[in-house]
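Undergrad: So that we are looking at the same thing, I have put the structure below in structure tokens.
Only the coordinates and a few stated rules stand behind these numbers; no lab work does. The model shown is predicted, which means the values in this text are computed figures rather than measured ones. Don't worry about glycine lacking a Cβ; one is built from the backbone with ideal geometry, like all the others, and counts go over all protein chains shown.
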Amino acid sequence: MRIPFISMFVTSPFEGLQEHAEIVKDCAGVFQHAVECSVLRKCSRFDELRQEIIQMERKADAVKRRIRGHIPKGTLMPVDKFQLFRFLREQDSVLDAVEDALDWLSFRPDSAIPEELQTDFSAFVDVVVDPIDQMSKMVTEARKYFNNYSEAQRVVVKEIIRTLRHQEREADRVEDTIKKKAFNMDVDPVTVFHIVRLAETIGSIADHAENAGDMMRAMVAK
């Protein structure tokens, strides 16, 4: 008989994972706004929003350390501790990638993205934000599953993971479109490099979200 996951801990690690996921989810709107300020020149609050993301990243790191420090050595778990920590690392890497993207934008504050790519970048950010929302939902539903091991609940989690994979593929498609356009534009090589690297960094947000989904799929596997 499998022992309910939650009963193994005074405080469930999934409570911490949920808290961490909510911080990562909160960064999505700030990230969208910051990119609009920088790429589309819609506001002058980019630096302020970037600092807000930095504070979120520090808060998430504190939660991550707390989760890692509250699983006693030798504790029996129905999921592999390595899988749990891998999931946490990938979820945390989403926020790291958001911060990296804003850092990269800050290196050329006076160099606007060419007008012909602005719509693409706006759509790109919308696409990579969707998996961030799905991750938070995935943790919520996984907590329910590890409380009761309902097969119906397991199916719910797996469906969210499939959605994450679809969203990551869509992000890859938009990333490739931006890079192809950049290489065929009449702009200087530094601008091309800046655009391509920015696209790859933003794309990595969806990559890490998909990786988190893969680790969750391993945890809920029979």
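Undergrad: Work out the charge dipole of the chain with +1 on the Cβ of Lys and Arg and -1 on the Cβ of Asp and Glu about the Cα centre, then indicate which of Ala182, His208, Phe85 is farthest towards its positive end.
TA: Phe85
Undergrad: Per the helix-only calculation at 222 nm, which mean residue ellipticity applies to the chain, given -39500 (n - 2.57) for every DSSP H run of n ≥ 4 and division by its residues, nearest 500 deg cm²/dmol?
TA: Details: 6 runs with 176 residues, N = 222.
About -28500 deg cm²/dmol.
Undergrad: Also, quick follow-up: In debye, nearest 20, what is the charge dipole magnitude of the chain about its Cα centre with +1 on Lys and Arg Cβ and -1 on Asp and Glu Cβ, if you could check?
TA: Computed charge dipole of the chain: roughly 1280 debye.
Undergrad: Taking springs between alpha-carbon atoms closer than 10 angstrom, which of Asp110, Asp126, Asp92 fluctuates most in the Gaussian network model of the chain?
TA: Asp110
Undergrad: Full extension from Arg58 to Lys181: what is 0.36 nm times the residue separation minus their Cα-Cα distance, to one decimal in nm?
TA: That pair, Arg58 and Lys181, stretches by 40.7 nm at full extension.
Undergrad: Considering the dipole of the range 14-113 built from charges on the beta carbon (Lys and Arg +1, Asp and Glu -1) around the Cα centre, which of Ala60, Ala28, Ser106 is farthest to its positive end?
TA: My answer, from the dipole projection, is Ala60.
Undergrad: Then there is this: Taking 2.2 N^0.38 Å as the expected size of a compact globular protein, what ratio does the Cα radius of gyration of the chain give against it, to two decimals?
TA: 1.11
Undergrad: Now a separate question. Angle, helix 189-220 long axis vs. longest principal axis of the chain, Cα atoms, 0 to 90°, nearest 10?
TA: Once rounded, the angle reads 10 degrees.
Undergrad: Rounded to the nearest 10 degrees, what's the angle between the helix 81-106 long axis and the longest principal axis of the chain, both from Cα atoms, 0 to 90?
TA: Helix 81-106 sits roughly 20 degrees off the main axis of the chain.
Undergrad: Within the set Lys25/Lys179; Lys158/Lys180; Lys137/Lys181; Lys42/Lys144; Lys59/Lys179; Lys42/Lys180, which residue pairs have Cα atoms separated by over 31 Å?
TA: Lys158/Lys180; Lys137/Lys181; Lys42/Lys144; Lys59/Lys179
Undergrad: With the chain treated as a Gaussian network of Cα nodes joined by springs under 10 Å, which of His20, His70, His33 yields the largest mean-square fluctuation?
TA: Evaluated over the chain, the most mobile residue of the options is His70.
Undergrad: In addition: Please identify, among Met56, Met185, Met138, the residue showing maximal mean-square fluctuation in a Gaussian network model of the chain using a 10 angstrom Cα cutoff.
TA: Met185
Undergrad: Quick one: helix 151-183 against the long Cα principal axis of the chain, what's the angle to the nearest 10°, folded into 0 to 90?
TA: 20 degrees
Undergrad: Among the trypsin sites (Lys or Arg not before Pro) within the range 72-171, which fall in a DSSP loop and have no more than 10 other Cβ atoms within 10 Å of their own Cβ?
TA: Working: sites: Lys73, Lys81, Arg86, Arg89, Lys137, Arg143, Lys144, Arg154, Lys158, Arg162, Arg165, Arg169; in loops: Lys73.
Here the sparse-neighbourhood loop sites are Lys73.
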